């Protein structure tokens, strides 16, 4: 029987946030790329919260942008409200979050995919991967069509063997009632891939016309909006914003939930998957934090052209009738009509320790993966992995070194390192506390950290790269200038200090010292710094931060130096650790399982002790010596 | 702040003539600069030539620690191929300990077990054929360090540190959960509260540090086991010894004393006294355990004090004891010397070739002689105790110092009006340092604490 057979460089399976980034990266790097989705309408769909960014996730979006990804640009074009979180805290935890018009977000991304050269969009369910001798050869769709390719990126999100549940209702679909992908798991398992089953959930959507907003507190966006993308002109994002609304649950809500707990599939044991702890359902919160008599509920618009409102904070898998009863106890929702029920969703994903930090499978060359398929959660986490998986699929085909970001240079590096190195038992979410060098990994300097890497990979234009090089130089020169300036205790200085409620000077001091005062900053001191050059906003911001937090930043830079030493000691691939004498048995087993790429990564595997690391260092040294000897003897012949 | 410059005592921890403290790493010369004052001239250590020896003093601020000889070996011409400074000081456990502590205070960190050898190897100093033995050294030393470090901690100290850690991680989790989910959790006004908590933590750590100075953190000292048949006067002896304890009486607040073990100082020497009377009490219940325990204690003992009752005949119990301590360092106390002697010095010395001291718990005689005997045995090296205990103590003290520094940084950040996210950086360091004392790493602790204690959004 004749079947369709086509040839591509790269096949991307799934067109969610990970798949879109992966496909765009490959196509933009000139590779013939095909992206599969079960539904063209669901490209870059946001099936849960209607926003992009937030604490630490905003950092990820900035990093994606600096590397040449699409998410930041896409949200800048389609957001309806924007807020910089934690503005009163240190710069490392400032985080941008924007409410998205979901439909517009999806449509805008679809438009981008459809108009990218070398990219083919195809609606089909991929049901098999074709692997020969540990090498990926292609993918096969449910209809039997075969797409041969040199690399594939799996970004199946929450669709693999998905089922949606509330009460005793079970729908064998993906999110939003979309068709699930019920065949690929079998093929993956046949190819020796270890699967996990995870679970997550989403709250109900309400009809805006049935909500009484007068009982809620209005939540506005920022007055001055900051874009996500370094390429977006700030002038272009100063739009009229839409509000969100804050209300609360109460003891009555909690009573209804408690009385109906046994009707939840979570408590009855019908749900097998492991859910995330940071995104608990309202029933989880009521049980676990029984002492709290109210929880916040954020009512957020799903878009401009829809009346649907997202009920943030109240995800649930309780039965339909209980959902009605519980939501209607919340002030302002007394007469609310549900447009879509809340539900829990279960899906297959992989144990991510099967991946290298390049996101390529250790056992199947040419097979990459990203997003929720790798056991993460969140749009931003997905997009970040999709981008890296896509870039590395391209690097592999081009015969170049993979792009691996480490923990000291990006949140993306922390995210991927955590996924592939640590035991992961729940959907993984990014948090600023996971980044040990977070003072250096700020959202404001993502361009300085990563644009060069994006340029080297081929996703950033020369012009954009040169702007960053210039910016770096400007920052450095200005910091040096500021540090050399002394300020005398004269009248104009004293009156300026006084006007900001800052202690007057007893004697002269450095300008930098004044900038370090908590109530002052670089810009405020312009009047007493007459030789100050005219500099763009983003340069002044960096100068201010670097001077203000200089002591802390210096300490972290020192720590990073130590960290890099072990990170740069690479371990050979497919090393049999049973042959490394002196390692403890537990360490041998773990190291064989994880096959770390560096001594640094090895040191973060649980069950590998500092003594084991010393043994590995000694072993590595021996190995290098032997190699050197071997090379020398070849040279002599 | 951790550096990559390491230090350790290179000689055995005994009361020998000369002790050596070795420093190696990028900042070895700078560390030495900070503490060494040459007898002649004002040349800085970093300006001195390689492979030269200098005479002078090690100072900790105003205080002179010891009169020393300083050897400078600049990279790559040293054992580790790094800049290395060796400080030859007077032998003696306390001097070496004090010197090492000073070196650590001024910027080095305690070397990991086997680390000098490891560095020598990694820097190409040791032949590759010796790789196996390098691994053996690392493993042996680590095994020992693992076994010793936590087991030497007193139970009360262990609990205290766990308690402090729980407080620290809770504060971090609170800050972090608020940073992660600012719309659900607010930390406005938290600085004042945290300041109070951090002050308390600092006081607790300072208390622990004092205890460490007084040797109260570890079960260090000469393991001394008191044996004797029931009623021979073991408990009376114990009471006299403990009652005489002068130098260190401050116990750590809020902790209970070990029932079986007491630490005392006798003539300036630490004794870790184990009263087997306590063991005997349990014997009735589970006889076997009691006997095994007694034997275990005897085996571990550095010194045995056998209390014999001179007013009664030697019985089956006495003979058993005499048999079991033949090969041990032991002192015999002939108690009840105030009463008429049934068992005499002669009878005992015919069965046991040990020092015999006549003693009366009642009249409090013989204690001075006991003290002198123990002191002589120690100074002549007849009894000693495990070196590693001191090393462990220095390591743990260093970790406490680092904890204290980190807490001070938190206080400074609060006073400087820094935003909350800066507090958790130093709190985390404190948490890590405390963990290193009890052999626990950070792992997923923070994330677990955040999710279990704070209700996070969405």
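Taken together, the values in this text are just the output of simple stated rules run on the coordinates, not laboratory data. Keep in mind that this is a model prediction, so the values were computed, not measured. Every residue, glycine as well, gets a Cβ built from its backbone with ideal geometry; the counts of neighbours run over all protein chains shown.
Over the C-alpha atoms of region A:569-636, the Rg to Rh ratio, Rh being the Kirkwood estimate, stands at 1.03.
Pull up the DSSP beta bridges for region B:6-127 and report the antiparallel fraction as a percent, rounded to 5.
About 95 percent, rounded to the nearest 5.
Global size of region A:25-99: 14.8, 47 Å for Rg and Dmax (C-alpha atoms, Rg to one decimal, Dmax whole).
Sorted fewest first by neighbouring Cβ atoms within 10 angstrom, A:184, B:319, A:448 come out as B:319, A:448, A:184. With R₀ fixed at 25 Å, the C-beta to C-beta distance from residue B:196 to residue B:239 puts the FRET efficiency at about 0.05. DSSP assigns beta bridges within the protein assembly as shown; of those with both partners inside it, close to 65 percent run antiparallel. Bridges between two residues of chain A, per DSSP, are antiparallel at a rate of about 70%. Length, then width, then depth: along the principal axes, the Cα atoms of region A:477-557 run 37, 28, 21 Å. When all alpha carbon pairs of region B:6-127 are counted in 10 Å bins from zero, the resulting P(r) reads 15, 48, 32, 5, 0 %.
One decimal place: the segment residue A:133-residue A:490 gains 120.7 nm when fully extended, by the rule 0.36 nm per residue minus the C-alpha distance. Note on residue A:288 and residue A:87: the model spin-label points, each 7 Å out from Cα along the C-beta direction, lie 3.1 nm apart. Using C-alpha pairs below 8 Å separated by at least 6 residues, the relative contact order for chain A is 16 percent. Projected onto planes of every orientation and averaged, the convex hull of the alpha-carbon atoms in chain A covers 35.1 nm².
Where the convex hull is taken over the Cα atoms of region A:205-345, what is its projected area averaged over directions, in nm²?
10.4
Note on A:282, A:130: ascending count of other Cβ atoms within 10 Å places them as A:130, A:282, the fewest first.
The overall shape of region A:379-448 is oblate: from the C-alpha gyration tensor, with semi-axes ordered a ≥ b ≥ c, the ratio a/c is 1.5 or greater and a/b is no larger than b/c.
Calculated mean residue ellipticity at 222 nm for the protein assembly as shown: -13000 deg cm²/dmol, from DSSP H runs with n ≥ 4 weighted as -39500 (n - 2.57), summed, divided by the residue count and rounded to 500.
By other beta-carbon atoms within 10 Å, ranking A:525, A:387, A:620 with the fewest at the front produces A:620, A:525, A:387. Between residue B:186 and residue B:405, what FRET efficiency follows from the Cβ-Cβ distance if R0 is 25 Å, with the result rounded to 0.05? Step by step, r from the Cβ atoms, then E = 0.25. In this simple spin-label approximation, residue A:169 and residue A:537 carry label points 7 Å from Cα along the Cα→Cβ vector, and these lie 4.6 nm apart. Distance distribution note for region A:390-490: the fraction of Cα pairs above 20 angstrom is 57%.
Would you work out the Kirkwood radius for the protein assembly as shown? I mean one over the mean of 1/r across all pairs of different Cα atoms, in Å.
33.6
Evaluated at q = 0.15 Å⁻¹, the base-10 log of the normalised Debye intensity for region B:43-106, with identical point scatterers placed on the Cα atoms, takes the values -0.49.
Remark: mean inter-chain Cβ contacts per residue of B:413-419 equal 4, using a 10 Å Cβ-Cβ cutoff to other protein chain atoms.
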